[in-house]
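First comes the structure, then the notes that go with it.
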Amino acid sequence: MGILEKIQEIEREIARTQRNKATEYHLGLLKAKLAKYRSQLLEAPKSSGSKGEGFDVMKSGDARVALIGFPSVGKSTLLNKVTSTHSESASYEFTTLMCIPGVINYKDANIQLLDLPGIIEGAAHGKGRGRQVIAVARTADLILMMLDAGKGEIQKNLLEKELEIVGIRMNKAPPNVYFKQKKGGGISITSMVPLVKMSEKMAQLILHEYKIFNVEIIFREDCTSDEFIDVILGNRVYLKCVYCYNKIDQISLEEVDRLAHQPYSVVMRYFMKWKLTRKCNFISKL
């Protein structure tokens, strides 16, 4: 059984397991195994010889912003509007096939904007050129998630899931947990706050799953089993993310108002030149 099949099997097991006190340790171990297999899956392309042509762009300027979204949501059009770079845009999908960089000159700051190919559901598992796209996103200082306003919530949830799978944590702070492996001394766990979301027993079970038997851990805040696994793996990336809803002329004013008041969100329509200036202001504040 390959890694992908193992991941799918564990995902099915988690989905059909009821969440209660009797199953919390079982679910915790399943999540630990799932995170371990996903990490192995992400490392697999390194030995395949694929160098990801067209995605190796040198980081430059004061900050890097990665445009992430499904095909034909307006990523290339935005790059053309706010930079001097031309990225082909059309009414059909997958007009952008490689990473195209541009530069926004804004208030004496140079912001590198990367137009990435549209990703599809399953990108984190290798569908399309998803792995290369997401690998570039991990190097950014901020993600600008482009969404079709008419499909906003569906697209947002799917993209967040794909990015979460590969260890990108959006609009979150790293767990305040001290973690240091040692050569001996066993497992030492100190809690400076009451642990409500996860018990010490759960932490020990997860550590055993990763074959960690000598470690010092200090919980300075309460955290979930998922967050504790992130601490153990140590390869998570914590980034700010702005959700940009395009094509708002296709939805009602009430829906536009609702989307505009969502956290970290802006609304716009290109050909009407709505909100482009406000978007630059919003990004500069993050």
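The values are calculated or read from the model by the stated rules, or taken from the named source; none is laboratory data. These figures come from a predicted structure and were not determined experimentally. Positions of Cβ are backbone-derived with ideal geometry, glycine not excepted, and every protein chain shown enters the neighbour counts. Just the protein is used for accessible areas: all its heavy atoms, side chains included, with ligands, DNA and RNA removed. Shrake-Rupley method; radii C 1.70, N 1.55, O 1.52, S 1.80 Å.
Miscellaneous remarks
- Take the conditions (1) modelled with pLDDT of 80 or more; (2) crowded, with 16+ Cβ neighbours inside 10 Å; (3) closer than 30 Å to ASN235 by Cα; ASN110 misses just one of them, which is (2).
- Of all residues in the range 195-224, those that are without any contact (Cβ under 8 Å) to a residue 24 or more places away in the chain and in a loop (DSSP other than H, G, I, E, B) have Cβ atoms under 9 Å from Cβ atoms of residues that are open to solvent by 10 Å² or more (accessible area, probe 1.4 Å) and not hydrophobic (A, V, I, L, M, F, W, C), 6 or more apart or on another chain, in SER199/GLU24; SER199/TYR25.
- Taken together, SER225, SER265 contain a single residue that is hydroxyl-bearing (Ser, Thr, Tyr), modelled with pLDDT of 90 or more and in contact with a strand residue (DSSP E or B) (Cβ under 6 Å, 6 or more places away or on another chain), which is SER265.
- Within the range 139-176, the residues that satisfy the criterion of being free of Cβ contacts under 8 Å to residues at least 60 places away in the same chain and buried (at least 19 other Cβ atoms within 10 Å of the Cβ) are GLU162, PRO175.
- Selection count, the range 185-194, where residues are open to solvent by 40 Å² or more (accessible area, probe 1.4 Å) and either part of a loop (DSSP other than H, G, I, E, B) or closer than 27 Å to ALA135 by Cα (or both): 4
- Hits in the range 225-251 - residues which are in a strand (DSSP E or B) and open to solvent by 10 Å² or more (accessible area, probe 1.4 Å): VAL237, TYR238, LEU239, LYS240, TYR243
- Any hit, the range 63-77, residues being touching a strand residue (DSSP E or B) at 6+ places or on another chain (Cβ under 8 Å), at pLDDT 75 or above, of a type in the set (A, V, I, L, M) and within 30 Å of PHE228 (Cβ to Cβ): yes
- Qualifying residue in the range 35-48 (condition: open to solvent by less than 70 Å² (accessible area, probe 1.4 Å) and at pLDDT 85 or above): yes
- Residues that are in contact (Cβ under 8 Å) with a residue 60 or more places away in the chain, of a type in the set (Lys, Arg) and under 18 Å from GLU200 (Cα atoms) within the range 15-35 comprise just one, LYS31.
- When the residues of the range 12-25 are filtered to those that are out of contact with any Leu (no Cβ under 7 Å at 6 or more places or on another chain) and in a helix (DSSP H, G or I), the one that is modelled with the lowest pLDDT is GLU24.
- Among the residues of the range 154-202, those identified as of a type in the set (Gly, Ala, Ser) and either within 22 Å of LEU239 (Cβ to Cβ) or touching a Leu at 6+ places or on another chain (Cβ under 9 Å) (or both) are GLY167, ALA173.
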